[in-house]
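The values are calculated or read from the model by the stated rules, or taken from the named source; none is laboratory data. Here the structure is a predicted model, which is why all the values come from computation and not from measurement. Counting neighbours? That spans all protein chains shown, and the Cβs are built from the backbone with ideal geometry, glycine included. These accessible areas exclude ligands, DNA and RNA; they are computed on the full protein's heavy atoms, side chains included. Shrake-Rupley method; radii C 1.70, N 1.55, O 1.52, S 1.80 Å.
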Amino acid sequence: MKNIAATLEAQLDNLSLCQLRGIAAVAEVHGARTYLAGGAVRDALLGLQVSDVDIAVVGMTSELPIGVAQALNGRVVARSQFNTFSLIASGRHIDLTMARCETYAHSGALPTVLPGTIRQDLARRDFTINAMAVSLSTGSFGELIDLLNCQSDLKTGMVRVLHDDSFKDDATRILRAARYAVRLGFTLEAHTEHLLRGAVSYLDTISPARLRDEFMRVLQEGRAVSILEMLQCLGALRSIHPALALSPQTSDALRRAAQSDYAEMPALFLSILTYSMTESEKANLVERLQLNSRLRQTVQSTGLARSLVQDDRSGGDVRRSEIYRRLKGLDEAAILGCALSEGDSVMAQRLMLYLNELRHITPALKGTDLLALGVPQGPEVGALLDDLLEARLDGKIETRQDEISFVRAQCNLPASKETCRTS
Ligand code: CTP
């Protein structure tokens with residue numbers, strides 16, 4: 001059997017290697033065997049750096065994850081269905097999963113799961129490139145288990161399913177196939193592509209939460225736009241939601257977004273993807289993907305920012321304070337998404353003016369300064385601050401002294417008081 005211990009040593013750092021050996025030792029005490037499985041093996045064999053690890057445990061017990069967490073000075077952070085435990089130790093995320101065999105009662109159903117051998121566990125997986133394991137046990141550390149000649153697909157760069165019902169059993173694999181193909185620069189094997197195209201309608205069988213999680217993983221990828229384009233070519237994008245469509249303008253806007261260094265790329269992409277949708281299409285998408293409140297806000301604000309753009313299509317002069325007033329409080333990703341969707345139009349320039357300049361403008365004087373100037377306490381203070389901001393935004397005043405003069409003129413205040421109380 002091929003041993004890839006040296007490859008693991010090259011692609012994992014010392015901390016991960018120590019953790020893997022520690023996990024194997026604890027498992028042995030519990031009479032279990034452990035295997036590094038899935039993406040970590042794929043990436044190690046491709047010469048990519050491996051950080052988070054996924055470990056298949058043959059002979060899982062309920063005490064084992066706790067024992068592992070103690071040995072690694074970590075903690076179990078989640079236990080999900082099918083005896084899968086998520087641990088955090090020294091900042092690393094480790095998944096311990098019971099090796100299992102699966103059957104699906106119907107498409108999209110969660111699988112019926114039974115404890116299984118490592119062979120059964122590999123056979124249930126999505127693609128050959130993810131269906132290899134490496135033994136972590138003492139005495140066989142590094143032994144590669146490749147029952148289906150998966151290495152050959154890794155070498156030739158193929159994304160290939162393990163059996164013909166794979167996409168029907170679990171249609172999230174449609175998104176995963178495109179994600180791996182683009183990320184790794186691989187090709188969809190011809191029969192796999194044929195099966196995928198025939199299974200896109202099975203995306204309907206996937207629960208909103210699972211679909212959202214896989215869709216978000218697409219949006220988080222470095223080459224998300226190419227993945228979306230591939231999903232569109234395969235007929236899968238509109239099966240996620242009928243209104244999800246990439247026009248050439250949408251693709252351009254997404255690419256411009258991808259080139260920016262915006263911190264919340266998934267929110268920005270969502271804004272662009274929903275820019276041309278009707279309100280009811282957006283509401284349906286939000287439901288279909290059960291978006292969290294943060295992303296719902298982006299989608300809703302995109303509608304508001306867009307309506308502002310449409311109101312002003314005349315391109316006539318609009319005061320800077322008016323632009324500010326309309327956009328104030330709207331989600332940043334939504335405004336940027338609208339600007340990118342608008343190309344080089346006057347409206348895009350206004351949206352960018354707000355993001356780059358207007359929203360950062362504040363009056364130099366605070367409420368306490370106004371009171372010190374002699375403005376009576378009460379609603380007038382707030383109204384004056386609003387007036388000051390408006391005058392600043394519109395370039396009518398520029399300095400603190402301008403603001404003092406502005407307030408003095410508005411309230412008929414004596415010059416001496418303001419000068420001595422605010423200097
Ligand atoms: N898996 C599967 N079918 C799915 C999801 C996952 O068979 N629908 C299997 C694959 O073998 C995969 C493993 O579970 O390798 C772990 O899943 P995940 O963490 O989602 O993927 P990774 O392989 O770690 O890939 P990535 O680099 O995208 O995280």
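Nearest 500 deg cm²/dmol is fine: what mean residue ellipticity at 222 nm does the chain get from its DSSP H runs of n ≥ 4 alone, each adding -39,500 (n - 2.57), divided by its residue count?
Values: 23 runs with 226 residues, N = 423.
Taken over the chain, the calculation gives -15500 deg cm²/dmol.
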Order the following by accessible area, largest value first: Lys155, Lys282. Probe radius 1.4 Å; ligands, DNA and RNA are ignored. Lys155, Lys282
What net charge do the residues around Thr298 carry, taking every other residue with its C-beta under 10 Å from that of Thr298, with Lys and Arg at +1 and Asp and Glu at -1? -1
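Ordering His191, His360, His93, His241 by how much accessible area each has at a 1.4 Å probe, largest first, what is the list? Present the calculation step by step, with values, prior to reporting the outcome.
Values: His191 85, His360 115, His93 60, His241 15 Å².
These residues rank, largest area first, as His360, His191, His93, His241.
Starting from 0.36 nm per residue, how many nanometres of slack lie between Thr368 and Leu46 once their C-alpha separation is accounted for?
Numbers: separation 322, 0.36 × 322 = 115.92 nm, distance 6.30 nm.
Length difference between fully extended and current span is 109.6 nm.
What is the extension gain from Glu193 to Glu398, computed as 0.36 nm multiplied by their sequence separation minus the C-alpha to C-alpha distance, in nm to one decimal?
Numbers: separation 205, 0.36 × 205 = 73.80 nm, distance 6.23 nm.
Value of the extension gain: 67.6 nm.
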Going Cα to Cα from Lys2, which lysines come in below 23 Å? Please leave out same-chain ones fewer than 8 positions away. Lys155
Indicate the gyration tensor shape class of region 112-209 (rounded, prolate or oblate), computed on the Cα atoms with a ≥ b ≥ c the square roots of the eigenvalues: a/c under 1.5 is rounded; otherwise a/b larger than b/c is prolate and the rest oblate. oblate
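Taking 41 Å as R0, compute the FRET efficiency from the Cβ-Cβ separation of Asn14 and Leu355 and round it to 0.05.
Numbers: r = 44 Å, r/R0 = 1.07.
After rounding to 0.05, the efficiency reads 0.40.
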Listed residue (Val225, Thr84, Ala243) projecting farthest to the positive dipole end of the chain, Cβ model: Thr84
Distance between Cα centroids, region 120-168 to region 249-291: provide it in whole Å. 35 Å
Run the 1.4 Å probe and let me know the accessible area of Phe406, rounded to the nearest 10 Å². 50 Å²
Classify the chain as rounded, prolate or oblate from the Cα gyration tensor: take a ≥ b ≥ c as the square roots of its eigenvalues, call it rounded if a/c is under 1.5, otherwise prolate when a/b beats b/c and oblate if not. prolate
Accessible area per residue of region 167-279 at 1.4 Å probe, in Å²? 41 Å²
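Which of the helices in the chain, when you take each full DSSP H run, stretch at least 20 Å along the axis at their Cα atoms and have an average Kyte-Doolittle score of 0.0 or higher?
Details: long enough: 14-29 (23 Å, 1.00); 293-311 (27 Å, -0.53); 379-393 (21 Å, 0.42).
Helices meeting the span and hydropathy rule in the chain are 14-29, 379-393.
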Set of aspartates and glutamates near Lys396 by C-alpha distance (under 17 Å), chain-local residues within fewer than 8 positions excluded: Asp317, Glu322, Glu357, Asp386, Asp387
What does the charge dipole of region 1-113 about its Cα centre add up to, to the nearest 20 debye, if the Cβ of each Lys and Arg holds +1 and the Cβ of each Asp and Glu holds -1? 100 debye
Spin-label pair Ala105/Val77, simplified geometry with 7 Å Cα→Cβ offset, distance in nm: 3.2 nm
Between the alpha carbon centres of region 182-200 and region 8-66 the gap in Å comes to 29 Å
Just going by the charge dipole of the chain, with Lys and Arg at +1 and Asp and Glu at -1 on Cβ, which of Met132, Leu373, Phe269 is farthest out on the positive end? Met132
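Would you mind working out the magnitude of the charge dipole of the chain relative to its Cα centre, with +1 at each Lys and Arg C-beta and -1 at each Asp and Glu C-beta, to the nearest 20 Debye? Display every interim value, and only then the final one.
On the way: 46 positive and 50 negative charges, 55 e Å.
Result for the chain is approximately 260 debye, rounded to the nearest 20.
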Accessible area, probe 1.4 Å, largest first, for residues Asp153, Asp146, Asp387: Asp387, Asp146, Asp153
For the charge dipole of the chain, defined by +1 on Lys and Arg C-beta atoms and -1 on Asp and Glu C-beta atoms about the Cα centroid, which residue among Thr103, Thr399, Val57 has the Cα displaced farthest towards the positive pole? Val57
